1. Just name the residue that is farthest from THR50 (Cα to Cα) out of those in the stretch 110-132 that are out of contact with any helix residue (DSSP H, G or I) (no Cβ under 8 Å at 6 or more places or on another chain) and not in a helix (DSSP H, G or I).
2. Within the set of pairs 6 or more residues apart or between chains, which connect a residue that is more than 20 Å from LEU224 (Cα to Cα) inside the stretch 1-27 to a residue that is among the aromatic types (Phe, Trp, Tyr) and surrounded by 11 or more Cβ atoms within 10 Å (Cβ to Cβ) with Cβ atoms less than 9 Å apart?
3. ASN107 fails exactly one of the following numbered conditions: (1) under 18 Å from the mean Cα position of the chain (by Cα); (2) modelled with pLDDT of 95 or more; (3) in a loop (DSSP other than H, G, I, E, B). What is the number of that condition?
4. Name the residues in the stretch 40-86 that are in a loop (DSSP other than H, G, I, E, B) and either under 21 Å from ILE160 (Cα atoms) or among the acidic types (Asp, Glu) (or both), would you?
5. Name the strands (runs of 3 or more DSSP E) wholly inside the stretch 166-232 in which the number of residues that are under 10 Å from PHE37 (Cβ atoms) is 3 or more.
6. With in contact (Cβ under 8 Å) with a residue 60 or more places away in the chain, touching a strand residue (DSSP E or B) at 6+ places or on another chain (Cβ under 6 Å) and farther than 28 Å from GLN152 by Cα as the only criterion, which of ILE89, ILE66, ILE32 stands out?
7. Restricting the stretch 190-207 to residues that are hydrophobic (A, V, I, L, M, F, W, C) and in contact with a strand residue (DSSP E or B) (Cβ under 7 Å, 6 or more places away or on another chain), which is nearest to ARG158 (Cα to Cα)?
8. Quick test of your reading of the structure: ILE167 fulfils all but one of (1) more than 23 Å from ALA56 (Cβ to Cβ); (2) in contact with a Gly (Cβ under 6 Å, 6 or more places away or on another chain); (3) aliphatic (A, V, I, L, M). Name the failing condition by number.
Amino acid sequence: MSEVVIETFGLSKEYIRDEFHITALKNVDITIRRGTFVALMGPSGSGKSTLLHLAAALDRPTSGDIQVLGQDLYTLDEGQVARWRNAHIGFVFQSFNLIPVLTALGNVELPLRLTSLSSTERRKHAENALRLVGLGDRMHHLPRELSGGQEQRVAIARAIVTDPDLILADEPTGNLDAASAEDVLTLLIQLNKKFDKTIVMVTHDPYAASFAGGVRHLEKGTLLPEETSSFDTKGTI
């Protein structure tokens, strides 16, 4: 049995808006194993991104438990969580979240500034990450000088530059045209199959989800029974 990367038990999250209680997740039990590529699907407001944010310790659950790589993140203080996240999690956002005044190389190097690597070592790691995503010739370009697909590949390079155990991607193709989206999804498959990266991707797009090895659906905060994609890349979740 492969190692468990994410495991939740009765995981629930509620938000309070004025006098209203909004249930984002309700008693979610899910196990995701190392080396899998899992797509989380569901309509807007189904809890997909909430689950992803809880796995990255960007938010805290209302009740229940979540362990990531065997670590109960909510026993750690904010500084410890930040260091743990930087070492183990690569997060890819829909909106790229690149710093506009930094080059592609500068953006990718940012997570390494929290490590003990020298400036020379940081630069080498960042260059290697950009070459891996096919942007070896765009290292010194600013985000405004890149296409949307190239910006997202910079964001992926930034997510993998620390060699994380887990890549969390929140609608990574949501702002891209069809060709760029295909390139990004193909890159995610490469990271999963060639480099054995565990990937959890939130998407509303069935075609994007078909690139994953397994698909899980959320509806009104509830996790529905498991199914397997016809484009199975790694096997079961």
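1. SER118
2. HIS21/TYR15
3. (3)
4. Scanning the stretch 40-86 gives ALA56, ALA57, LEU58, ASP59, LEU69, GLY70, ASP77.
5. Per the criteria, 198-202.
6. Exactly one residue qualifies, and that residue is ILE66.
7. LEU191
8. (1)
The values are calculated or read from the model by the stated rules, or taken from the named source; none is laboratory data. Note that this is a predicted model, so its numbers are computed, not measured. Please note: Cβ atoms are built from the backbone with ideal geometry, for glycine as well, and neighbour counts cover all protein chains shown.
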